[in-house]
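Undergrad: Next up is a structure, given as structure tokens.
The values are calculated or read from the model by the stated rules, or taken from the named source; none is laboratory data. In this text the structure is predicted, and so the values were computed from the model without any measurement. Glycine gets a Cβ as well: all are built from the backbone with ideal geometry, and neighbour counts include every protein chain shown. Areas reflect the complete protein model, heavy atoms only, side chains present, ligands, DNA and RNA absent. Shrake-Rupley method; radii C 1.70, N 1.55, O 1.52, S 1.80 Å.
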Amino acid sequence: MATNDSIDTMTQAEPIGGHADDIMTVRDLVVSYETGEGKANVVNGVDIDIHRGEILGIVGESGSGKSMFASALLDAVEKPGQVSGDITYQPEGGEAVDVLNIPTAQLKSLRWEEISMVFQGALSSFNPTMTIKGHFDETLRAHDVDQDEGIERARELLSDLYLDPDRVLDSYPHELSGGMSQRALIALSIVLEPSVLVMDEPTGALDLLMQRSILSLIDDVQEKYNLSIVFITHDLPLVAGLADRLAVLYAFEIVELGPSDEIITEPGHPYTRSLLKAVPNLDAPLDTMQPIEGSAPHPSNIPAGCTYADRCSLATEECLEEHPPFHDVGTDNVGEASTDADHFAACYHWERARAEMPLEIDADAHEGTVDRDRRPTADDETVVTLDDVEVHFEKSQNILDLFEEPDIVRAVDGVSLEIPENDVVALVGESGCGKTTLGKTGIAAQRPTGGTVSYRSQDIWATKDDGIGDIAYEEIRKSLQIIHQDPGGALNPNRTVMASLAAPLKRWQPDLESEDRQARVLGMLERCGLEPAADYANRYPHQLSGGEQQRVALIRALLMNPDMILADEAVSALDVSLRVEMMNLMLELQEQFNTSYLFISHNLSNARYLAEKSDGRLGIMYLGEIVEIGPAGEVLSDPKHPYTKVLKWATASVEPDQEVSEPPIRSIDIPDPVNPPTGCRFHTRCPEAREVCKHESPTLGGDVEGGRVHSASCFRDDEDHEYWDSEPLTDEDEMASIDETV
Amino acid sequence: MNYVLKRTGRAVFTVWAVITLTFGLIRLLPGGPMQALRGYLMQQNPSITTSELQARIEALTAISPDEPIWVQYGNYLWGLLHGDLGQSVWLNKPVSTVLAERAPWTLFIMTTGLFLMFVIGIGLGAFMAYREGSNFDVATTGIGILLQSVPFYVVGLVLIAFVGYQWELLPTGGHYASSVTPGLNLPFVFSSIKHATLPVGSLVLTGFGGWALNMRGNSIRILGEDYLRVARLRGLSEGRIALRYVGRNALLPMYTLLLISIGYMFGGSVILEEIFAYPGLGRKLIQSIGRRDFPVMMGAFLLITIAVVIGVFIADLTYGLIDPRASGGAERESY
Amino acid sequence: MLNVSRTDVDSEYAFEVTAEETLSRRDRIRHRVDQFLLAPARILWTDWRARIGLVIIGLFLFLSLIGPSLVERPEPLGPLLAPPWPWGTLEYPLGTTYLGQSILSQLVHGAPNMLKMILSGALFTVIVATVIGTTAGYKGGTVDGVLMTISDIAMTIPGLPLVIILAASLPIAGNPYLIGILLSINAWAGLARSLRSQVLTLRESEYVEASRIMDISLTRILGIDIIPNLMPYIAMNFVQQARWVIFNSVALYFLGVLPYSSTNWGVMMNSAYQKAGAVTSLEAFHWLAVPMFAVVLVALGLTLLAQSADRLFNPRVRARHAETVTGENGPEDEEESEPTTSVGAVS
């Protein structure tokens, strides 16, 4: 078996075991499930040591077995999964513990007291009918820890994590925002002072800014409480700055392991190299970003040789036949097996990989680049104009609430924006900033409560209500389309791909023959790489992968032949390596169909990729307002608004020397949009805020309408503003007080 | 507080709506109670004058047919607020007196039945979920499905035929033996329980299966939740997990179900009490239909409905106590 | 994967493509039949519970649709209160009544009325609930508020007493269809309420929004995007309501408070109880037991069917059973055997 091979080689070279102070050692870890077709290994022979006091990042795409690995470290794999191999825990100055073979009672105290875990999705990790304090209490009691002492520690931990202990402890889980409950969960996981903390995508469901803030808090907490952390994620750039070492997981096993900066600068495994290039980020040149073709093997069908061979451009006979052992690929002592080796890759051709797969390539060498021969010019007509648009929601009312003052959520508050033909505008902001509402208002899927939305200079809602104007409302409706975030939810689960795609044609070209309609759909499927098209057309959505579903949604929008498409987080739900591919497809089809995109994302890297590649604009939103907008390159290279700088900070890059720094904001939680701060809305979190920001609201300067001028709504943009004479706001206490629930 | 206020408002509103409906039924239905009563009275006393007739009707139904409809309605409401449900045609007693002696018995067997069903069903369901896939689970699931398909009166009739008549173990009708004196004394309590055993038994026997299956489904869903996994990792005792985690969270949807079934149960009292000759509101209702005693009929209907409204109201309020999410936010509705 | 170069893109412009081969009419019909008839039948047949349920309900349908033409009307010609076979003779396999009518014949001739009541009651409930629930959920606002307040009240009113009162005062004259509807007079309320909350969720779903943005008409959105997704629930409630109608129609006929024009199972029980004292003496108990057993059996069949309703409408299951749908071996298996819990990897 493949696993045996790797073990043999391992013992020969002794590459991993040599470290003096390992808190955990994992040997030949296999997690398997019985399936209809035999055994499926979802962790397939993993060997790794966890050093005392380190942060070990484990990176893998979804389905690579990383969550199973995390559970196995606590011997907590859910039935009917079976775990084999050795996991040894070495407490400081104590006796080694064989984690997989200890009595239940001992396992019970090992978990949480010595090795603890944080799950993704904090909200589902808490009992919805118990307060946060209840969770702390019962945990302390179950482990016979003094209640007062324990709660005192919990309070300290919570305030270390920028939370107000009193408020949080008395809250029920649903009363906390995602970021807050995730931090509360981290506090809960280390309240018993464990030595090892396993974190499984602990920031997966959160905004970038919150992710980065939590990461920097984890860094602090790790130091303060002397933790060894295993941080599991699909997001390589995110963990790169935090972790001391990185392990790359592919197809249920570790393919590369080494110090973070070496993995990032000189990875030895072709997969790591491709992964690095596939991830959209802020700094790398656009053309170096390339998708990885193909897909990972199925757990019940793992190839005997190298698992990556069928996707690898360097693969040879050898790779297909024999499972590659770890090679020492450390840069300081290349090729020599030495005891202090610390960088390994399971690849025969790691030297060739380094030579032939450069991380940075010339733009010319890269095929498939979208050369934009068309970009918006002055001649292009404006498709959609938003003029001082406001969208205010009333919080739900019922028949007996008539006498209460309704709470008003100001989702969008006074935004003006023009989108010409063939343009790309990317809007970026944290969740709850109103970007989706703004987008839907822009395609007339949401009626604004103030201001006007026009299509080719004709007021859309006036057209709908009164039927005035030269362009029929139907025409407008057809011209503004949408692609949603969740590819699974965007298609009716009860209809085949063909039925879903034929619907727009039936509606808009009713005289089309059924055969022609089908031929058109099949043509588009083929065009978007869904081949064989006839096969895909007959599938139900659940029979498609996320990327395929998203393409079908894109096809559906394009079949309407629209002038503008709202792409609402259209790539966020896809695996990292598929995002670039999807965005490339979007841009290629844009050329062909002459549409504009309004691209909405919470991820600055994705927005940057799309906007910069199409020479489009980038807008930054905060609490219902656009605070900065301009050509993508300019906004990113010279951000004018402090919030843009914060977002930039929050967007992890794969720079080797980056360190996790303190968040450059004064409060990491976003204020309640029901009651936004006065003056500049960002002043409660802005590191540069001064007295004047509390009372006066800045406006977006420059010629916003249609122009491609870079402008920001910040007093700092104006050299003569009274801001410069105002007192800086440095109230530390504000931190906790702004911690609003959502 | 706001939550309590809201629910109270809804309960009051429902009662008002039912009163209005009752009024509408009496007054407006073509060939409805009002006309039937008029016909009945004229048949009994063919020489009755129109004004006598009106006066008689007004005395019986607390509705004066001459007045404009809104005055009639106002008077009817006003009367009800003072506990005036009209006069029984048959017994010549105030309807409120007739019903007051019946209502406690209906309440007694129905709440006992519902309570037992709920408790047995929940306990059993949770246990089945813990033993998911075992022989015990499969067998109880089968029995549950089977019992769900048997109407309670079928079990009731079989029980009467065998336990009552053939083996003469328990009484087949009535609410207590004629030999005991009502009051807080042991023979009376004993006799009441003995008389209630068969009706309540037939309810519980056919009802608990559905509750158990439901609870089982809920518990299995909760057993798969992330927070349960985290709770186990945190080393909590199985007892605490079973009670505080699985039990409590699986119970929440059951409570909503309870809310709905209160209406069904009390409605069913009509059948149950008739079969067991149990002198409660339901049996009175059927009797009054046979005797064409419309004031009693309407009064019984109103009273049963009010009992349901109160039941739902109590369940609603306590739901806020067991689910912290209920009192906080309303459902999100936009558009 | 994107191996289409820019040159062949232009020639392959999807909007100008027309069909090269036409699907024959017969193929299409075959496809339809497979999708809407054969596949559901195959799905039901794979589940033993559904199989038993189908057999029972099939038997009941046979009894009520064809039975009356095979079995003679019940005439008072036989021996009085003859016991059922094997205690009695095969001439009267289920025994006779106190007037000497064949109980089997009564059972068969009572069945059509049962079917009519069940169908009308269950259909009425499901249709009214679907209309009210989807309208309230989709329209929202005041319409929603009013409809749901009405539903709340209707839900609280105990159904049976209301039914009895209405039956006593309305001129329905034993029409089984009307009785069925009357019995379901407020049963729609609970279903409407839960359908509404599901519609609220579905309405916000992305594919419904996409349809809206494509300007697909409201009726089509409701008919294609919303109601099919509610079908498992609606089907389950149809069956449950059918059960409810049987239980309570039989009960009320048994108590003698509903008007009737021809016999049915409840009337049989009433006669057995009232006229032959079937409860007090065992001599006539079979007269009571036969219709009771029939009610239980039909209810059991319905319960079993309700339990498999979910499978019938699940596209995952359906895809596996439709022969004309291919390509199910790929991603689906992956999904089923994928034990990791990476939910929505969002960075």
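Undergrad: Pick from B:150, B:158, B:230: which residue has the top mean-square fluctuation in a GNM of chain B where Cα pairs under 10 Å get a spring?
TA: Among B:150, B:158, B:230, the largest GNM mean-square fluctuation belongs to B:230.
Undergrad: Another question, if that's okay. How far, in degrees from 0 to 90, does helix B:135-148 lean away from the longest principal axis of the Cα atoms of chain B, to the nearest 10?
TA: 10
Undergrad: Under 11 Å from the Cβ of residue C:102, count the other residues' Cβ atoms, weight Lys and Arg +1, Asp and Glu -1, and hand me the total.
TA: -2
Undergrad: Taking only Cα atoms of the protein assembly as shown, what ratio of Rg to Rh do you get with Rh as the Kirkwood inverse-distance radius?
TA: Ratio value, two decimals: 1.01.
Undergrad: Output the antiparallel fraction of DSSP beta bridges having both residues in chain A, as a percent to the nearest 5.
TA: Just about 60 percent of them are antiparallel.
Undergrad: Does the stretch A:36-142 come out rounded, prolate or oblate, given a ≥ b ≥ c as the square roots of the eigenvalues of its C-alpha gyration tensor, rounded meaning a/c under 1.5 and, failing that, prolate meaning a/b above b/c?
TA: Oblate is the answer for the stretch A:36-142, as a/c is 1.5 or above yet b/c matches or exceeds a/b.
Undergrad: Work out the mean other chain Cβ neighbour count within 10 Å for the residues of A:109-122 and drop it here as an integer.
TA: On the way: counts 1, 1, 4, 5, 1, 0, 1, 2, 4, 1, 6, 6, 5, 3.
For peptide A:109-122, the averaged partner shielding equals 3.
Undergrad: Under a GNM of chain B (C-alpha, springs under 10 Å), which listed residue has the highest mean-square fluctuation: B:50, B:20, B:106?
TA: The residue that fluctuates most here is B:50.
Undergrad: What list of ³J(HN,Hα) values in whole Hz, one per residue of the stretch B:313-319 in order, does the Karplus curve 6.51 cos²θ - 1.76 cosθ + 1.60 (θ = phi - 60°) give from phi, with Gly and Pro shown as x?
TA: 4, 5, 4, 4, 5, 5, 4
Undergrad: Once the Cα atoms of helix B:50-61 and of chain B are each reduced to a long axis, what angle between those two axes, in degrees from 0 to 90 to the nearest 10, is obtained?
TA: Tilt relative to chain B: about 20 degrees.
Undergrad: Can you list the residues of the stretch C:273-310 that have at least 20 square angstrom less accessible area with all protein chains present than in their chain by itself, probe 1.4 Å?
TA: Output list: C:273, C:279, C:280, C:282, C:285, C:292, C:296, C:300, C:303, C:307.
Undergrad: If you count only protein heavy atoms with a 1.4 Å probe, what accessible area per residue comes out for the stretch C:162-242, rounded to a whole Å²?
TA: With the other protein chains kept in place, the stretch C:162-242 gives 32 Å² per residue.
Undergrad: Give the residue from B:203, A:678, B:88 lying farthest towards the positive end of the charge dipole for the protein assembly as shown; charges sit on Cβ (+1 for Lys and Arg, -1 for Asp and Glu) and the dipole is referred to the Cα centre.
TA: Farthest towards the positive end: B:88.
Undergrad: Using a Gaussian network model of chain B with C-alpha springs under 10 Å, which one of B:53, B:258, B:99 is most mobile by mean-square fluctuation?
TA: Highest fluctuation of the listed residues: B:53.
Undergrad: Treating the beta-carbon of each Lys and Arg as +1 and of each Asp and Glu as -1, no other charges, what is the dipole magnitude of the protein assembly as shown about its Cα centre, to the nearest 20 debye?
TA: 11600
Undergrad: Calculate the length of the line joining the C-alpha centroid of the stretch A:477-506 to that of the stretch A:522-550, in whole Å.
TA: With the stretch A:477-506 and the stretch A:522-550 each reduced to a Cα centre, they are spaced 13 Å.
Undergrad: Considering the options A:445, C:298, B:214, tell which one lies farthest towards the positive end of the dipole of the protein assembly as shown, charges being +1 on Lys and Arg and -1 on Asp and Glu at the Cβ, about the Cα centre.
TA: Positive-most Cα among the choices belongs to C:298.
Undergrad: Can you give the helix-only mean residue ellipticity at 222 nm for chain B, where every DSSP H stretch with n ≥ 4 adds -39500 (n - 2.57) and the sum goes over all residues, rounded to the nearest 500 deg cm²/dmol?
TA: Calculated at 222 nm, the ellipticity per residue is -24000 deg cm²/dmol.
Undergrad: Using the Cα gyration tensor of chain B, with a ≥ b ≥ c the square roots of its eigenvalues, what is the shape: rounded (a/c below 1.5), prolate (a/b larger than b/c) or oblate (neither)?
TA: In terms of gyration-tensor shape, oblate.
Undergrad: Could you order peptides C:230-238, A:59-67, A:643-651 by the average number of other Cβ atoms within 10 Å of their residues, highest first?
TA: Per-residue mean Cβ counts within 10 Å order the peptides as A:59-67, A:643-651, C:230-238.
Undergrad: Got a sec to turn the phi values of the stretch C:266-272 into Karplus ³J(HN,Hα) couplings, 6.51 cos²θ - 1.76 cosθ + 1.60 with θ = phi - 60°, whole Hz, x for Gly and Pro?
TA: Per residue, the Karplus-derived 3J(HN,Hα) values read x, 5, 4, 4, 4, 4, 4 Hz.
Undergrad: Right, here's the next one. With n ≥ 4 as the cut-off for DSSP H runs, can you work out [θ] at 222 nm for chain A, using -39500 (n - 2.57) per run divided by the number of residues, rounded to the nearest 500?
TA: Rounded to the nearest 500, it is -9000 deg cm²/dmol.
Undergrad: Tell me which GluC sites (Glu not before Pro) from the stretch A:440-523 have a DSSP coil assignment and no more than 15 other beta carbons within 10 Å of their own.
TA: A:513
Undergrad: With θ set to phi - 60° and the Karplus curve 6.51 cos²θ - 1.76 cosθ + 1.60, what are the ³J(HN,Hα) couplings of the stretch C:109-121 in order, to the nearest whole Hz, using x for Gly and Pro?
TA: Per-residue couplings from phi come out as 6, x, 4, x, 5, 4, 4, 4, 5, 4, 4, 5, x Hz.
Undergrad: Among C:242-254, A:88-100, how do they line up from the highest to the lowest mean number of other beta-carbon atoms within 10 Å?
TA: Top of the packing list down: C:242-254, A:88-100.
Undergrad: For the stretch C:40-102, what is the charge dipole size about the Cα centre, in debye to the nearest 20, if Lys and Arg each add +1 at the Cβ and Asp and Glu each add -1 at the Cβ?
TA: With Lys and Arg at +1 and Asp and Glu at -1, about 360 debye.
Undergrad: Moving on to the next point. To the nearest whole number, what is the average tally of beta carbon atoms from other chains within 10 Å of the beta carbons of peptide C:208-221?
TA: Average neighbour count from other chains, rounded to a whole number: 6.
Undergrad: Give me, ordered by chain and number, the residues 5 or more places off residue C:85 or on other chains with an amide H under 5 Å from its own placed amide H.
TA: Under 5 Å from the amide H of residue C:85 lie the amide H atoms of C:94, C:95, each far enough along the sequence or on another chain.
Undergrad: Where the only charges are on Cβ atoms (+1 Lys, Arg; -1 Asp, Glu), what is the dipole of the stretch B:66-221 about its Cα centre, to the nearest 20 debye?
TA: In total the dipole reaches around 460 debye.
Undergrad: Sequence-distant or interchain residues sharing an amide H contact under 5 Å with residue A:482, placed H: which?
TA: Amide H neighbours of residue A:482, under 5 Å, 5+ apart: A:566.
Undergrad: Give the relative contact order (percent, whole number) for the stretch A:12-125; include only Cα pairs under 8 Å separated by 6+ residues.
TA: Once divided by the residue count of the stretch A:12-125, the mean separation gives 26 percent.
Undergrad: Right, here's the next one. Per-residue Cβ counts within 10 Å, from other chains only, averaged over B:155-167: what number is that?
TA: Across the residues of B:155-167, the mean count of other-chain Cβ atoms within 10 Å is 4.
Undergrad: Measuring from centroid to centroid over Cα atoms, what is the spacing of the stretch A:28-87 and the stretch B:211-254 in Å?
TA: Value for the Cα centre distance between the two parts: 26 Å.
Undergrad: Expressed as a whole number of Å, what is the distance separating the alpha-carbon centroids of the stretch A:570-626 and the stretch B:116-176?
TA: Each part reduced to its Cα centre gives a spacing of 62 Å.
Undergrad: Using modelled backbone amide H atoms (1.01 Å from N, in-plane), which distant-in-sequence or interchain residues come within less than 5 Å of residue A:628's amide H?
TA: A:620, A:713
Undergrad: Select from C:60, A:71, C:89 the residue farthest towards the positive end of the dipole of the protein assembly as shown; place +1 on Cβ of Lys and Arg, -1 on Cβ of Asp and Glu, and compute about the Cα centre.
TA: C:89
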